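> Have a look at this one.
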Amino acid sequence: MRADHETDVAVIGAGQAGLSAAWFLRRAGLAGGSGFVVLDHAKGPGGAWQYRWPSLRLGRVHGIHDLPGLPLGAADPGRPAAEVVAEYFDRYERTFDLPVRRPVDVLAVRRTEDGRFLVESPSESWAVRGIVNATGTWDRPFLPYYPGRETFTGRQPHTADYRGAGEFRGQHVVVVGGGTSAVQLLLEIAEVAAGTTWVTRRPPVFRDGEFTPEYGRAVVAEVDRRVRAGLPPRSVVGATGLLNTPEVARARAAGILDRKPMFTRITPDGVEWADGSRQRADAILWATGFRAALDHLAPLRLREPGGGIRLDGTRVVAEPRLHLVGYGPSASTIGANRAGRAAVRELLATLGG
């Protein structure tokens, strides 16, 4: 099959990791279009940030690490994080004239007979020598199955569907999940709901004080160990525990964060635990995280018996011309920048310049 376009490198995804990789490709001397292209499925700049709920203000996020070459600068902490980051990414793309094509839905990546990759979308295709994949996780919300889920008569949104606490006003809401997002949404919803119930698979761990660099490195090292072994990565952020901020401490004292273990089944009007106890609910909010959006790489057959893709740094061991950034140990804002630099350096060396 003849491709519609030819270029050296395709970056798939224009979030933090993808833009970082694009900047390092530009810095290495590759020209936009003929040297590399960035393919992004979104309608506008901002990566996954543009889809975050409007009530998530900039001052409440863990932190947005500057992209290489252009700092975010002073920003109003009271503004929605989605707006601030989308504007920042847009300014970044224009400042460095990055060759971002959107909206482009990459459906499949295949090897070609002449040793290149064919990157396919519904309307166009690109023949490339190397790929930096930066598709993140937002497009693959994870919804665990529990018996009876299909019988529930209320709403079952995921974090990806959340737009504000107002839609839960006067309702009893079961919030499922032990991560930071679950806690943030639970605190918002508790202000307007008739009642809330928080359930998690494992008891939550609250940490006082700031996360130390040493602790952060230990968490990243464990995720790195898993991907080097070909196992599915665990979330870097999820592995760090929950920060016991003054707001969280007040919620714990008020009983809002009184966690219950996971229920065993879902009933038409609520949830039920193994001991037979029940909780009526109008809505179940699944704050159960995301999985890596890698379905388009399936034709390359990269999965290991353990279910993951084996990496050495960012390089896919089974395919050295493919690098995954924003995946596994680089799935954080600061990790994405470092991964973009490392991926570009090693990929260009593999391609011969």
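Every number in this text was worked out from the coordinates using simple rules, so none of it is lab data. Note that this is a predicted model, so its numbers are computed, not measured. Note that we place each Cβ from the backbone using ideal geometry, even for glycine, and neighbour counts take in every protein chain shown.
> Order these peptides, 304-312, 72-80, 5-13, by their mean beta-carbon neighbour count within 10 angstrom, highest first.
5-13, 304-312, 72-80
> Shifting gears a bit: Please state, as a whole number in µm²/s, the translational diffusion coefficient that the Stokes-Einstein equation yields for the chain at 20 °C and 1.002 mPa s, with Rh defined as the Kirkwood radius across alpha carbon pairs.
Values: Rh = 21.6 Å.
After rounding, the answer is 99 µm²/s.
> Pull out the extension gain between residue 1 and residue 31, defined as 0.36 nm times the separation in residues minus the alpha carbon to alpha carbon distance; nm, one decimal.
Values: separation 30, 0.36 × 30 = 10.80 nm, distance 2.53 nm.
Taking residue 1 through residue 31 to full extension adds about 8.3 nm, to one decimal.
> Within a 10 angstrom radius of the beta carbon, how do 51, 327, 145, 162 rank from fewest other beta carbons to most? Don't jump to the answer; show the numbers that get you there.
Values: 51 16, 327 28, 145 8, 162 24.
Final ranking by Cβ density, sparse to dense: 145, 51, 162, 327.
> Shape of region 103-195 from its Cα gyration tensor (a ≥ b ≥ c, root eigenvalues): rounded if a/c is under 1.5, otherwise prolate when a/b > b/c, or oblate? Mind showing how you got there, number by number?
On the way: a/c = 3.42, a/b = 2.81, b/c = 1.22.
Note, shape of region 103-195 comes out prolate.
> Might you report the magnitude of the Cβ-based charge dipole of region 246-353 about its Cα centre, with Lys and Arg at +1 and Asp and Glu at -1, to the nearest 20 debye? Before the final figure, lay out the partial values.
On the way: 16 positive and 11 negative charges, 57 e Å.
For region 246-353, the charge dipole is close to 280 debye.
> Still on this structure: Just how far, in whole angstrom, is region 27-105 from region 335-353 if you go by their alpha carbon centroids?
20
> Among 154, 347, 233, whose Cα projects farthest towards the positive end of the dipole of the chain, with charges put on the beta-carbon of Lys, Arg (+1) and Asp, Glu (-1)?
Most positive-ward Cα: 233.
> Of 84, 53, 165, which is farthest towards the positive pole of region 51-191's charge dipole, taken about the Cα centre with +1 and -1 on the beta-carbons of Lys, Arg and Asp, Glu respectively?
165
> What is the sum of charges, Lys and Arg at +1 and Asp and Glu at -1, for the other residues whose Cβ falls under 11 Å from the Cβ of residue 13? Intermediate values should be presented prior to the final figure.
Values: positive: 102; negative: 40, 139.
So the environment of residue 13 carries a net charge of -1.
> A follow-up question, please. Say each of residue 345 and residue 208 gets a label point 7 Å from the Cα, pointing the same way as Cα to Cβ; how far apart are those two points in nm?
Distance between the two pseudo-spin positions: 4.0 nm.
> Only helices at least 20 Å long along their own axis, judged from Cα atoms, and with Kyte-Doolittle mean hydropathy of -1.0 or greater: name those in the chain from DSSP H.
On the way: long enough: 81-95 (21 Å, -0.65); 213-228 (22 Å, -0.71); 333-351 (27 Å, 0.34).
Those that clear 20 Å and a mean of -1.0 are 81-95, 213-228, 333-351.
> Report the one residue of 244, 189, 29 whose Cα lies farthest in the direction of the positive end of the charge dipole of the chain (charges on C-beta: Lys and Arg +1, Asp and Glu -1; origin at the Cα centre).
244
> Sum up the charges of everything whose Cβ sits under 12 Å from the Cβ of residue 126, counting Lys and Arg as +1 and Asp and Glu as -1, but leave residue 126 out. Mind showing how you got there, number by number?
Values: positive: 2, 101, 110, 116, 129; negative: 4, 6, 8, 120, 124.
The answer is 0.
> Also, quick follow-up: Once every DSSP H run of n ≥ 4 in the chain is given -39500 (n - 2.57) and the sum is divided by its residues, what mean residue ellipticity at 222 nm do you get, rounded to the nearest 500 deg cm²/dmol? Working shown, then result.
Values: 6 runs with 81 residues, N = 353.
Taking each H run of at least 4 residues, the total per residue is -7500 deg cm²/dmol.
> Any idea what the dipole of the chain comes to, in debye rounded to 20, about its Cα centre with Lys/Arg Cβ at +1 and Asp/Glu Cβ at -1? Write down the numbers at each step before the final one.
Details: 45 positive and 38 negative charges, 129 e Å.
Charge dipole of the chain: 620 debye, to the nearest 20.
> Now, a different point. Using only alpha carbon pairs under 8 Å that are at least six residues apart, calculate the relative contact order of the chain and give it in whole percent. Don't jump to the answer; show the numbers that get you there.
Values: 707 pairs, mean separation 80.3, N = 353.
Relative CO of the chain lands at 23 percent.
> Give me 191, 272, 150 sorted ascending by neighbouring Cβ count inside 10 Å, so fewest comes first. List each step's numbers first, then the result.
Numbers: 191 11, 272 17, 150 8.
So the residues, fewest neighbours to most, are 150, 191, 272.
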